[in-house]
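The values are calculated or read from the model by the stated rules, or taken from the named source; none is laboratory data. Computed from a predicted structure; not experimentally measured. Cβ sites come from the backbone with ideal geometry, for glycine too, and all protein chains shown count toward neighbours. With ligands, DNA and RNA removed, areas are computed over all heavy atoms of the protein, side chains included. Shrake-Rupley method; radii C 1.70, N 1.55, O 1.52, S 1.80 Å.
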Amino acid sequence: MRMVDLIEKKRDGGELTNDEIQFMIEGYTKGDIPDYQISAFAMAVFFKGMTQSESAYLTMAMVESGDQIDLSSINGIKVDKHSTGGVGDTTTLVLAPLVAAIGVPVAKMSGRGLGHTGGTIDKLEAIPGFNVEIDNEQFNNLVNTNKVAVVGQSGNLTPADKKLYSLRDVTATVESIPLIASSIMSKKIASGADAIVLDVKTGSGAFMKDLEGAKALAKAMVEIGNAVGRQTTAVISDMSQPLGYAIGNSLEIREAIETLRGKGPKDLVELCLVLGSQMVYLAKKAETLEEARRKLEEVIANGKALETFKAFLSAQGGDASIVDNPNKLPSAQYTFEVNAKEAGFVSEIISDKVGTAAMILGAGRATKESKIDLAVGLVLNKKIGEKVEKGESLVTIHSNREDVNDVIERIYDSYKISQNPVDSIPLIYDEIN
Ligand code: URA
Ligand code: CA
């Protein structure tokens, strides 16, 4: 087999076989097939697309290019949740203990934040003592005992995807639905989940800015999952404004605690219930989505979700007393209010700009090497549709530096105030399964 023939076949709109895709991915991983040929192939896919079968073959070839996590010693159906990335997205911190509280095993491998989006592992490190580096055996044991454990990414998962993603980044081929879908799904499948719930974001802060693109990506991922025997469902949710109020590591832990107590921001609570219901249903802990939702509401109301969160923190060395005493979490030296320059209604909050404002404050990383400040971040006081008076606070900045003019400017840039009342926007656009 020759790579040049496979490029030509795809260029002319042909469909590749499983053997051909395996040949290409194995050769690329080993270094036998050079970047320039894979670049040409990625560009051909960008223009010609891939069929459902090709996407599934590509996904599995990337899964098989490296280690695969074995979760078989964990009892029950392991359901993973994946978000395509948002600003102030606190859902994993809430969902993990929430669904674990009704017996769904959560064996979660999470990443760190980069750019304007945050990562669950960073957020958990705001909890004194919390350890994200545990070995496989300990991880599996913790899930069997507590139903939930979260670990940082380790091992050599999907090396083919790592190489291909970096190459796409510099060859203008990131924006191809079958390539994005197989990239995301390969990582989820290699992490060992039996079933997958995808939260595909749409809006200004999302990777897929428009609804049609988000739906197409969701559909492609669901088809791949179902084709390779991992039951997959997707929820399309709004990221045209940050989720909840808090953005920043320690601040989001506080927000997660409030949410598990039943006092969370309306949008965050609703998204957790929608995604959580899908997880519970796929794990076969409820017959219908409605029953799943009732069970989730029950464990929030009776305190079981919060108890599960405490047990989870203690089991990984974290100080669980922060749950009843959040003042023990890292907190910033200064707070500043960003006050509205005019009265009106909030009509827009450009999420990626707000995310970048939090990042330059130190809550996120500009590059993989940047150090983050767990204490700092932003708390939104007004969201889309809310009425605001002149001089009222839009956002509270939590900072460890005294001069935050650069952050304030970005916040003014991201908030649009309209003179007329504004319709609120939907949180959930669609569910695909
Ligand atoms: N995120 C991924 O992991 N892969 C892509 O291709 C795009 C976004
Ligand atoms: Ca939040």
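Data table
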{"read-out": "Helix 266-282 axis, angle to the chain major axis (alpha carbon atoms, nearest 10°)", "value": "40 degrees"}
{"read-out": "Simple Cβ-charge dipole of the stretch 295-425, Lys/Arg +1 and Asp/Glu -1, about Cα centre, in debye nearest 20", "value": "240 debye"}
{"read-out": "Per residue accessible area of the chain, 1.4 Å probe, in Å²", "value": "41 Å²"}
{"read-out": "Angle in degrees between helix 289-301 and the longest Cα principal axis of the chain, rounded to the nearest 10", "value": "40 degrees"}
{"read-out": "Cα-based shape type of the stretch 54-124, given that a ≥ b ≥ c are square roots of the gyration tensor eigenvalues and the cut on a/c is 1.5", "value": "oblate"}
{"read-out": "Dipole of the stretch 119-277, positive direction: furthest Cα of T120, P242, N226, with charges on the beta-carbon", "value": "N226"}
{"read-out": "Straight-distance crosslink candidates among lysines, where the alpha carbon sits under 19 Å from K416 and sequence neighbours closer than 8 are dropped", "value": "K209, K341, K353, K382, K383, K387, K390"}
{"read-out": "DSSP beta bridge pairing in the chain, given as percent antiparallel to the nearest 5", "value": "55 percent"}
{"read-out": "Coarse-grained scattering of the stretch 267-424 at q = 0.17 Å⁻¹, given as base-10 log I(q)/I(0) from a Debye sum over alpha-carbon atoms", "value": "-1.11"}
{"read-out": "Computed over the chain: relative contact order in percent, which uses C-alpha pairs under 8 Å that are six or more apart", "value": "20 percent"}
{"read-out": "Accessible surface of the stretch 61-134, 1.4 Å probe, proportion on carbon and sulfur as whole %", "value": "44 percent"}
{"read-out": "Cα-based helix-to-principal-axis angle, 159-169 vs the chain, degrees rounded to 10", "value": "70 degrees"}
{"read-out": "The stretch 347-424, Cα convex hull volume normalised per residue, Å³", "value": "96 Å³"}
{"read-out": "The stretch 110-182: GluC sites (Glu not before Pro) in DSSP loop, at most 12 other beta carbons within 10 Å", "value": "E133, E175"}
{"read-out": "C-alpha center-to-center spacing [the stretch 377-409, the stretch 190-258] in angstrom", "value": "26 Å"}
{"read-out": "Cα-based convex hull, the stretch 289-341, per residue volume (Å³, whole number)", "value": "162 Å³"}
{"read-out": "Dipole in debye (nearest 20) - the stretch 74-151, about Cα centre, beta carbon charges: Lys, Arg +1; Asp, Glu -1", "value": "240 debye"}
{"read-out": "Dipole of the stretch 242-315, positive end: most advanced residue of G303, M279, V269 [Cβ charges, Cα centre]", "value": "G303"}
{"read-out": "Choice from R293, R401, R254 with maximal GNM fluctuation in the chain (Cα, 10 Å cutoff)", "value": "R401"}
{"read-out": "Residue-averaged 222 nm ellipticity for the chain, from DSSP H runs of 4+ at -39500 (n - 2.57), nearest 500", "value": "-13500 deg cm²/dmol"}
{"read-out": "Rg [Å, one decimal], Dmax [Å, integer] - the chain, C-alpha atoms", "value": "21.9, 69"}
{"read-out": "Nearest-10 value in Å² for the accessible area of Y412, using the 1.4 Å probe", "value": "60 Å²"}
{"read-out": "Reach of K147 by Cα under 24 Å, taken over lysines that are not fewer than 8 positions away in the same chain", "value": "K78, K81, K108, K123, K187, K188, K263, K284, K285, K295, K304, K310"}
{"read-out": "Reference-scaled alpha-carbon Rg (2.2 N^0.38 Å with N residues) for the stretch 86-134", "value": "1.20"}
{"read-out": "Charge dipole of the chain about the Cα centre (unit charges at C-beta), most positive-ward option of M43, F336, I7", "value": "F336"}
